[in-house]
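Participant: Supplied in structure tokens, the structure appears directly below.
The values are calculated or read from the model by the stated rules, or taken from the named source; none is laboratory data. All values reported here derive from a predicted model rather than from experimental measurement. Virtual Cβ from ideal backbone geometry, glycine too; neighbours counted across all protein chains shown.
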Amino acid sequence: MMNLDVQSTVSLASYVGAGFCIGLGAIGAALGEGYTAGFACEGISQNTKKSGDIMKNMLVGQAVAESAAIFALVIAILLIFTDPGMVLTLLSASSAIGAGLCMGIGAIGSGIGSGFPAGQCCLGLSRQPAVSGKLTTNMLIGSAVCQTPAIFSMVVSLMLLFMDFSKLPLNPNWAALIGAGLSTGLAAIGSGMGGGMAAGSSCQGIARNPGTTGPVTTTMLIGQAVSQTPAIFGLLVSFILMFKGFPESTSLAAAMAPLAAGICMGFGGIGPGIGNGFTAQYAVTWVARNIEEAGALTRTMLVGQAVSQSTAIYAMVVSLVLVFVL
């Protein structure tokens, strides 16, 4: 059996982290781009005279969806080629794995979510070419918000790569660093997709009734803001896990507590993010169709999202108990 020194172990972990990073990170962008292209084809079939404009918007929308995969590519390259310039310990291996998982998983939801407004924008252009400017602007705003969870993941990944953890004991901090990556990465899935669902309905609503652009966009942004909250919870738990500095222990249970905290908050953020997106999606759709009831629809959306959000709060509470009580 081969013996590995610290440098070799860190290199091994960096390569594995890089593989997870771009392998997982490519999933969401490809799905989002395919969704966009599919609706672009449908739009062109309905209005061939606007095929040029639809094609341009398709490429712009795909470029935004691609951003999440580009973030993953950057982190993967850093994992492979960057010299951390610090004292290497076995914790450096854990941080490399955590960084790769965080960015790879965290790019999935944003890539898929960004495809929803891009696809609906392409279809809307075929039906309402006179409001192409409004549609494109709305698409870009909605898609940009969808990238926020991926940006959270990139921030945590960079912190895991370049913060100096060398003074911390290996156990249980190795588990805390991997948990930090999983917390933000997993929670980003739901928020990225949920934000995209709201933005897709917004583009669809503007195409149906251009006169409702202002209220529709406002409702979209409010719904997206609430949908981003689970990703923020995941980011908060990641920060705690990275900065707390757990005391040395020989117990495996001591390591499982921070790892479980990251897993708990990560998975616990997926459903609420998507659930909030469903609520915002339908609220935006009906604001465009019944503008007189925009206030009532927005209030109902916020109440419904608050209830859906409660499950993410439960996950965060359990995560904090695992970190601070056990």
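Participant: Only one of (1) surrounded by fewer than 19 Cβ atoms within 10 Å (Cβ to Cβ); (2) β-branched (Val, Ile, Thr); (3) more than 18 Å from the chain's Cα centre (by Cα) is not met by THR136, so which one is it?
Facilitator: Among (1) surrounded by fewer than 19 Cβ atoms within 10 Å (Cβ to Cβ); (2) β-branched (Val, Ile, Thr); (3) more than 18 Å from the chain's Cα centre (by Cα), the lone unmet condition for THR136 is (1).
Participant: Is at least one residue of the stretch 19-33 closer than 17 Å to LEU160 by Cα and aliphatic (A, V, I, L, M)?
Facilitator: There is at least one residue in the stretch 19-33 that is closer than 17 Å to LEU160 by Cα and aliphatic (A, V, I, L, M).
Participant: Still on this model: Among the residues in the stretch 57-69, are any farther than 17 Å from ALA144 by Cα and surrounded by fewer than 18 Cβ atoms within 10 Å (Cβ to Cβ)?
Facilitator: no
Participant: Oh, and also: Is there a residue in the stretch 93-105 that is closer than 30 Å to ASN171 by Cα, buried (at least 24 other Cβ atoms within 10 Å of the Cβ) and of a type in the set (Ser, Thr, Tyr)?
Facilitator: So far as the stretch 93-105 goes, yes, one or more of its residues are closer than 30 Å to ASN171 by Cα, buried (at least 24 other Cβ atoms within 10 Å of the Cβ) and of a type in the set (Ser, Thr, Tyr).
Participant: Inspect the stretch 31-49 for any residue being more than 15 Å from GLN120 (Cβ to Cβ) and either crowded, with 23+ Cβ neighbours inside 10 Å or charged (D, E, K, R) (or both) and give the result as yes or no.
Facilitator: yes
Participant: Scan SER132, SER157, SER153 and give me the residue that is among the small types (Gly, Ala, Ser), modelled with pLDDT under 95 and either in contact with a Leu (Cβ under 7 Å, 6 or more places away or on another chain) or within 30 Å of GLN7 (Cα to Cα) (or both).
Facilitator: Every option except SER132 fails the conditions.
Participant: Give PHE233, PHE246 a once-over and let me know the one that is closer than 19 Å to GLY109 by Cβ, among the aromatic types (Phe, Trp, Tyr) and surrounded by 18 or more Cβ atoms within 10 Å (Cβ to Cβ).
Facilitator: One residue alone meets the criteria, PHE233.
Participant: Follow-up. Kindly check whether there is at least one residue in the stretch 6-29 that is within 28 Å of LEU259 (Cβ to Cβ) and outside any helix (DSSP H, G or I).
Facilitator: So far as the stretch 6-29 goes, no, none of its residues is within 28 Å of LEU259 (Cβ to Cβ) and outside any helix (DSSP H, G or I).
Participant: Same structure again: Could you please give the count of residues in the stretch 288-301 that are touching a residue at least 40 places away in the same chain (Cβ under 8 Å) and loosely packed, with under 15 Cβ neighbours inside 10 Å?
Facilitator: Going through the stretch 288-301 one residue at a time, the tally reaches 1.
Participant: Follow-up question, since we're still on this one. Please work out if ILE105 is β-branched (Val, Ile, Thr) and under 25 Å from PRO272 (Cα atoms).
Facilitator: So ILE105 fits the description; yes.
Participant: Name the residues in the stretch 2-38 that are of a type in the set (Val, Ile, Thr) and within 16 Å of the chain's Cα centre (by Cα), would you?
Facilitator: If the condition is that a residue be of a type in the set (Val, Ile, Thr) and within 16 Å of the chain's Cα centre (by Cα), then ILE22, ILE27 are the ones that fit.
Participant: Tell me, yes or no, whether the stretch 180-187 has at least one residue that is crowded, with 24+ Cβ neighbours inside 10 Å, closer than 30 Å to LYS134 by Cα, out of contact with any Pro (no Cβ under 7 Å at 6 or more places or on another chain) and modelled with pLDDT of 95 or more.
Facilitator: For the stretch 180-187, residues crowded, with 24+ Cβ neighbours inside 10 Å, closer than 30 Å to LYS134 by Cα, out of contact with any Pro (no Cβ under 7 Å at 6 or more places or on another chain) and modelled with pLDDT of 95 or more: absent.
Participant: Determine whether the stretch 198-205 contains at least one residue that is part of a helix (DSSP H, G or I), surrounded by 24 or more Cβ atoms within 10 Å (Cβ to Cβ), at pLDDT 95 or above and within 15 Å of the chain's Cα centre (by Cα).
Facilitator: Within the stretch 198-205, one or more residues are part of a helix (DSSP H, G or I), surrounded by 24 or more Cβ atoms within 10 Å (Cβ to Cβ), at pLDDT 95 or above and within 15 Å of the chain's Cα centre (by Cα).
Participant: Let me ask something additional. Does any residue in the stretch 170-196 that is farther than 25 Å from ASN276 by Cα come within less than 8 Å, Cβ to Cβ, of a residue that is assigned to a helix (DSSP H, G or I) and among the hydroxyl-bearing types (Ser, Thr, Tyr) six or more places away or on a different chain, and which pairs are these?
Facilitator: What qualifies is ASN173/SER94; TRP174/SER94; ALA175/SER94; LEU177/SER94; LEU177/SER95; ILE178/SER94.
Participant: Just give me the residues in the stretch 257-275 being under 15 Å from GLN224 (Cα atoms) and in a helix (DSSP H, G or I), in sequence order.
Facilitator: Scanning the stretch 257-275 gives ILE270, GLY271, PRO272, GLY273, ILE274, GLY275.
Participant: Report yes if PHE267 is surrounded by fewer than 18 Cβ atoms within 10 Å (Cβ to Cβ), at negative phi and in contact with a Leu (Cβ under 7 Å, 6 or more places away or on another chain), otherwise no.
Facilitator: Yes.
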